[in-house]
Amino acid sequence: MMKFLFSTLSLALALAAVPPRTHAAGTNQTEIIAVIGAAGEEEFETQFKEWADRLPVIAKKARAKLTTIGFEEPGEINDRELLKQALASAEQDKLNDLWIILIGHGTYDPRAAKFNLRGPDLSSAQLASWLVSITRPTAIINCTASSGAFLKPLSGANRVVITSTKNGMEQNFSRFGNFFTQNLASPEADLDQDEQTSLLEAFLKASKDTLGFYESAGKLATEHALIDDNGDGYGTRPDFFRGVRATKKARGGQSIDGLRAHQFHLIRSEFEAKLSPEVRAERDRLELAVERHRSRKPHMKEDLYYSELEKLMVTLAKLYASVEEVEKDKAVAKPESK
């Protein structure tokens, strides 16, 4: 029985690991909402603009929808209200990724953490309340000082939260946003060499480059970025990762941080770009289920562990096989060119 089980599991693993030659056509409908806050001084305004100006270029390559706030001269509606409206509109999509990138200054006191905008500032509590109705996969990247205080209020299911500081008390000017926008679609950040840079990989490379900035300047680092994607609100530091896997166990039996963030990509590989949003979402769900199951291995009987793993891997293999069948049917139905 065990011999048969391992043979079946090996076949399932092989089928799941090798991408099919053809895939269901999909459209990358990722949405980016980018906000530049109040700069205050000209020096900061120049830097924030330089960082933010990289985003339209990336969005064009990714064929993503880009909404910018704070890029132009202020109008009758203040920037905080514009962000609220953009998020209300984003509620309509239930499947495609939403990226929210905040660039600027942040402040913190025991009463509230805030992102400084032209006009009324945005508190972590306000942003959290506006995100409640958004069920699509969402990434919030706060590149400001004191942004660590945003992590716990924003943490939740199907969300990735990245902050440039570990808490609200790191209040010095943050340079993380510069390196994050540099690495967001950089091949140099592609740690696992799968021809695409994930949100996790951009976070890790940006964190490394930020630390390198302080070291080369002979200064003590005043910002320490965190990533949270398991919903526990604690976050994980970049130095707890080896490659793209966290070596630190999550609290309370949660899955480790980084797994979900590694499934977010702006500019996808040729293979990923051909998957429909529905297929990609199901594939992501199954991959996370496999990782959660593997984390339970020390606490399960061997036969039960491999039996349950087999079910997951076979389901994953069938998903790829069904996509290939759809493409074969399309090829057969396609009329011959004259």
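Please treat every number below as a calculation from the coordinates, not as lab data. Given the structure is predicted, the values throughout are model-derived calculations rather than measurements. Virtual Cβ from ideal backbone geometry, glycine too; neighbours counted across all protein chains shown.
Normalising the average separation of contacting C-alpha pairs (under 8 angstrom, six or more residues apart) by the number of residues puts the relative contact order of the stretch 31-271 at 18 percent.
Placing unit charges on the Cβ atoms only, positive for Lys and Arg and negative for Asp and Glu, gives the chain a dipole magnitude near 1100 debye about its Cα centre.
If the chain linking ALA157 and LEU66 were pulled fully straight, counting 0.36 nm for each residue of separation and taking away their Cα-Cα distance, it would gain 30.4 nm. Spin-label pair ASP303-SER133: with each label point 7 Å from Cα along the Cα-Cβ axis, the two points sit 5.3 nm from one another. Among 276-289, 113-126, the peptide with the highest mean count of other Cβ atoms within 10 Å heads the list, and the full ranking is 113-126, 276-289.
Computing P(r) over Cα pairs in 20 Å bins from 0, in percent directly from the structure and comparing it against (i) 24, 45, 23, 7, 1, 0; (ii) 30, 50, 20, 0; (iii) 29, 54, 16, 1 singles out (iii).
Using DSSP H assignments, which helices in the chain have an axial alpha-carbon span of 24 Å or above and a mean Kyte-Doolittle hydropathy of -0.5 or higher? Answer set is 199-216, 302-333.
Put simply, the amide H of ILE140, placed in the peptide plane, has neighbours under 5 Å in ILE100, VAL160, VAL161, ILE162, leaving out anything fewer than 5 places away on its chain. Under a Gaussian network description of the chain, with springs only between Cα atoms under 10 Å, the residue in GLU272, GLU291, GLU215 that fluctuates furthest is GLU215. For the stretch 31-271, with the dipole built from +1 on Lys and Arg beta-carbon atoms and -1 on Asp and Glu ones, taken about the Cα centre, which of HIS265, THR247, ILE33 lies farthest toward the positive end? Working it through, the farthest residue towards the positive pole turns out to be THR247. Neighbours of LEU122, meaning other residues whose beta-carbon lies under 12 angstrom from its beta-carbon, give a summed charge of +1 when Lys and Arg score +1 and Asp and Glu score -1.
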